[in-house]
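Structure first, then comments.
None of the figures in this text is laboratory data; all of them are computed from the coordinates on show. Keep in mind that this is a model prediction, so the values were computed, not measured. Virtual Cβ from ideal backbone geometry, glycine too; neighbours counted across all protein chains shown.
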Amino acid sequence: MTEWKGRDILEGGQFTRQEIEHVLRTADDLRSRLEKTKALDLAKGYLLGALFFEPSTRTRLSFETAMHRLGGDVVGFAEASSTSTAKGETLADTIRTVDQYVDVIAMRHPRIGSAREAAEVARAPVINGGDGAGQHPTQALQDLFTIRSELGSLEGKTIVLCGDLKYGRTVHAGVEVYRHFPLRLVLVAPESLRMPEEITSRLRSQGLEIRETTDLEAALREADVLYMTRIQRERFEDAAEYERLKDSYVLKREMVERLRPQLTILHPLPRVNEITTDVDGMSGAAYFRQVRNGVAIRMALLALVLGVV
Ligand code: NCD
C-alpha cells in the first residue's frame, strides 16, 4: 500500500497503475460527494500555499478551488514580481519560508526541476503545477480522468497528441501516465517540435505503441481522442522560429466532421488558435469539461497528501 500522506507529486512517471487508479477513484468519490454539498470539511484547518512564479489561470484557480471545496484555506501569490524573488531571494529560501506557514505547497516555476528542488527543502508535501518545459503531473491525471469519463475505458484506444511535443509539459507528464494502459499513441508535431527522443525511446522499450507523423489529417482518421496543444511561445529563444511554427496545426470543425465525427477533443488550455471556436459546440469537444475535472483531481491529490482521505 502506498503511503500518500506527505508525498510529493512531482512528475507523471512517479505513479504505478494502482496509484493512478486510486487517485481517479478518490476524485470520482469526492466529485459525487460534492454534488450534494458546496464544500466538504476534510481539510478544515489545513492551509495550502499556492506559489505561482509563472502565469497561470486554470492550474492556480483549480488548486485554490479544490482546497476551498475540501474545507481548507489558501495563501499564496500569482506573480513572482510581487515577492522577495524580485529582491534576489532564492527559490530554496522562499520555499523554506512558506514551509513555516502551510501544510501543503502547490507551485509553478519556469525552471525544469524547480519542484524537485522545492521538495528537497520543504517539510510539507510539494505538488508540481508545472516546472518550465518539464512536467505537469496534476494536469496529466486530469487528462486521463477526462478521457476515462468521456470514453468509459482507455483500453485499445488511439490517442493523438498534437502540437508542441518538445516543450509541452502536459504531454511530457501525460505519456508517463498513459504508458500504464493498453492504448496506442500517435504523436503529431512539426519536425523541430517532436517529443524528445529520450522519452519516446524509453516508452517504446517499456512496451508502449507509439507512431510519429507530421500529418494531422491522417492521424485523425484513426483517432479516438485528439489532445491538442499550444505552441509554447515562451520557451522559444528565436521569435521568428515561433512565428514560423505557431500555426502548424489548426483543428477546424469541417475537419472533424469529414474525418472523425465521433472524435473526443481535449486541450489543456489556454488555446491560442489551434482549435477554431466553431469546434466548441461539438459533442466531442471536452476541453471545458476537462477544466472542471481538474478540480476533482486536485481535491483528490490534496486530500491524499494531507492524509485526510
Ligand atoms: C498548460 C501549462 O501551463 O503547461 N496549461 C495548463 O496548465 N492547463 C498548457 C499550456 O500552457 O499550453
- [ ] Report, to two decimal places, the Cα Rg of segment 88-233 normalised by 2.2 N^0.38 Å (N = number of residues).
- [x] 1.17
TODO: Within segment 1-107, list the chymotrypsin sites (Phe, Trp or Tyr not before Pro) lying in a DSSP loop whose Cβ has at most 15 other Cβ atoms in a 10 Å radius.
DONE: TYR101
Open item on the list: Can you pull out the trypsin sites (Lys or Arg not before Pro) in segment 199-298 whose DSSP state is coil and whose Cβ has at most 14 other Cβ atoms within 10 Å?
Closed with: ARG221, LYS252
Open item on the list: Give the aspartates and glutamates whose C-alpha is closer than 20 Å to that of LYS44, dropping any in the same chain fewer than 8 places away, or say none.
Closed with: ASP29, GLU35, GLU64, ASP73, ASP99, ASP103
Task: Percentage of interatomic Cα-Cα distances in segment 1-40 larger than 10 Å - done: 75
TODO: Could you tell me which trypsin sites (Lys or Arg not before Pro) in segment 113-187 are loop residues by DSSP with no more than 15 other beta carbons within 10 angstrom of their beta carbon?
DONE: ARG123
Task: Mean Kyte hydropathy of 0.0 or more with a Cα span along the axis of at least 18 Å, helices from DSSP in the chain - done: 287-306
TODO: In debye, nearest 20, what is the charge dipole magnitude of the chain about its Cα centre with +1 on Lys and Arg Cβ and -1 on Asp and Glu Cβ, if you could check?
DONE: 700
Open item on the list: What's the whole-number percent of alpha carbon pairs in segment 189-309 lying beyond 18 angstrom?
Closed with: 64
- [ ] First check a/c for segment 83-132, with a ≥ b ≥ c the square roots of the eigenvalues of its C-alpha gyration tensor; if it is under 1.5, answer rounded, and if not, answer prolate when a/b is larger than b/c or oblate otherwise.
- [x] oblate
TODO: Identify, among THR59, ILE9, SER82, the residue whose Cα sits farthest towards the positive end of the charge dipole of segment 1-94, taking +1 on the Cβ of Lys and Arg and -1 on the Cβ of Asp and Glu, with the dipole about the Cα centre.
DONE: THR59
- [ ] Output the Cα-based Rg and Dmax of segment 69-109 in Å, rounding Rg to one decimal and Dmax to a whole number.
- [x] 11.3, 35
Open item on the list: Ignoring everything except DSSP H segments at least 4 long, calculate the 222 nm mean residue ellipticity for the chain; use -39,500 (n - 2.57) per segment, divide by total residues, nearest 500.
Closed with: -11500 deg cm²/dmol
Task: Spherically averaged projected area of the chain from its Cα convex hull (nm²) - done: 15.8
- [ ] Would you list which aspartates and glutamates come within 14 Å of LYS252, measuring only between C-alpha atoms, while excluding same-chain residues fewer than 8 positions from it?
- [x] GLU217, GLU274, ASP278, ASP280
Open item on the list: Could you identify which residue out of ASP164, ASP41, ASP224 has the top mean-square fluctuation in a GNM of the chain using Cα springs shorter than 10 Å?
Closed with: ASP41
